[in-house]
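Reviewing the structure listed below.
The values are calculated or read from the model by the stated rules, or taken from the named source; none is laboratory data. Owing to the predicted nature of the structure, the values given are computational and were not obtained by experimental measurement. Glycine gets a Cβ as well: all are built from the backbone with ideal geometry, and neighbour counts include every protein chain shown.
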Amino acid sequence: MLKLYHFCTSTCSRKVRLTLAEKGLEWESRHVDIGPRQENTEPWYVALNPNGVVPTLDHDGEIIIESNVIIEYLDDMFPDPPLRPERGYDRARMRIWMDRAEHVIHKNINAISFNKRFLPRLAEKSEEEKEEIINRLPNPEKRHEMMRRLKAGVSVDDEAQAEANIAVAMDRMEEVLQGSPWLAGDTLSLADIAVTPFVERFGANDLANLVDWAARPAVGNWWSRIQARPSYDEGMNFPDPR
Ligand SMILES: N[C@@H](CCC(=O)N[C@@H](CS)C(=O)NCC(=O)O)C(=O)O
């Protein structure tokens, strides 16, 4: 049995739900509240996922963390339909996009989301309560970075730089998609799935330059094809049970 610990609007959870939907797999949901309730920092959850982040997959009692690892695991265990290209070179290209989605796009959208999403969510809390919430994060590196952002703020300049870093990745995407229908070849792959939730997030965060399809027409065309797939609604939209 597949059980997914996830959060409705989390980009990394969406990657996994998109993969499950593309493969038509049945799964059990365990929604983990990563909002102010911070269920993800509770000891029972940290025992499953030491980083205290979603998603986590439980497959017949075996626990897998890290969304990129989870989606490759799903393709290993449930290869039909395959979501990795056949050729080794194309698989390498696919993994570069998965890595870029995590270490360039996610990292930078996180910096932008601090002002746009994190602070508004905690608007009712005092400074001490905010610090207490950050101090509960189990990953020391993340805790340090969040505390730094809380104290020093994320400036307009930091946000602009983060957006520029993402724009470089989007320009690469445009180049690739000018010559090929999908990011790692002729068929949809985990590369496309890994990027999809972030492109939705650019729009949700009003990052108009990143969703200007006149400037990046091949990405715009890819985005229309991604949204037209039945997996899009199924994987992206999970009702918030809170
Ligand atoms: N590298 C991890 C990142 C997971 C991650 O950052 N998840 C976010 C949601 S997209 C989270 O749980 N945030 C809650 C928190 O950090 O407190 C993965 O890909 O699974």
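Being in a strand (DSSP E or B) and either within 12 Å of the ligand (Cβ to nearest atom) or under 21 Å from W182 (Cβ atoms) (or both) is the filter here, so list the residues in segment 42-90 that pass it. Within segment 42-90, T56, L57, I64, I65 qualify. Taking segment 12-29 as the range and being within 13 Å of the ligand (Cβ to nearest atom) and surrounded by fewer than 24 Cβ atoms within 10 Å (Cβ to Cβ) as the test, only C12 passes.
Okay, residues lined up against (1) surrounded by fewer than 16 Cβ atoms within 10 Å (Cβ to Cβ); (2) modelled with pLDDT of 95 or more:
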{"residue": "T187", "(1), (2)": "yes, yes"}
{"residue": "D192", "(1), (2)": "no, yes"}
{"residue": "V211", "(1), (2)": "no, yes"}
{"residue": "A214", "(1), (2)": "yes, yes"}
{"residue": "V219", "(1), (2)": "no, yes"}
{"residue": "Y232", "(1), (2)": "no, yes"}
{"residue": "M236", "(1), (2)": "no, yes"}
{"residue": "P241", "(1), (2)": "yes, no"}
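Of all residues in segment 104-124, those that are farther than 16 Å from V199 by Cβ and in the same structural domain as V199 (by TED's automatic domain parsing) have Cβ atoms under 7 Å from Cβ atoms of residues that are of a type in the set (G, A, S) and within 13 Å of the ligand (Cβ to nearest atom), 6 or more apart or on another chain, in R121/G35.
So that you can scan it fast, the table gives a plain yes or no per residue for (1) free of Cβ contacts under 8 Å to residues at least 12 places away in the same chain; (2) among the hydroxyl-bearing types (S, T, Y); (3) farther than 22 Å from A191 by Cα:
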{"site": "L25", "(1), (2), (3)": "no, no, no"}
{"site": "T41", "(1), (2), (3)": "no, yes, yes"}
{"site": "I71", "(1), (2), (3)": "no, no, no"}
{"site": "F78", "(1), (2), (3)": "no, no, no"}
{"site": "G88", "(1), (2), (3)": "yes, no, no"}
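Checking the structure you have, find out if any residue of segment 162-169 is more than 19 Å from the chain's Cα centre (by Cα), in the same structural domain as A218 (by TED's automatic domain parsing) and on the phi < 0 side of the Ramachandran plot. No, segment 162-169 has no match at all. Checked against the criterion of being farther than 29 Å from H31 by Cβ and of a type outside the set (D, E), the candidates S155, S113, S126, S67 yield just one match: S155. Looking only at residues of segment 98-126 that are in contact with a helix residue (DSSP H, G or I) (Cβ under 8 Å, 6 or more places away or on another chain) and more than 14 Å from the ligand (Cβ to nearest atom), we find that the one that is nearest to N51 (Cα to Cα) is N115. Mind telling me which of the residues I70, I63 ends up being under 21 Å from the mean Cα position of the chain (by Cα) and either at pLDDT below 95 or surrounded by fewer than 17 Cβ atoms within 10 Å (Cβ to Cβ) (or both)? The conditions single out I63.
Taken over segment 30-55, the residue count meeting the criterion of being of a type outside the set (S, T, N, Q) and crowded, with 21+ Cβ neighbours inside 10 Å is 7.
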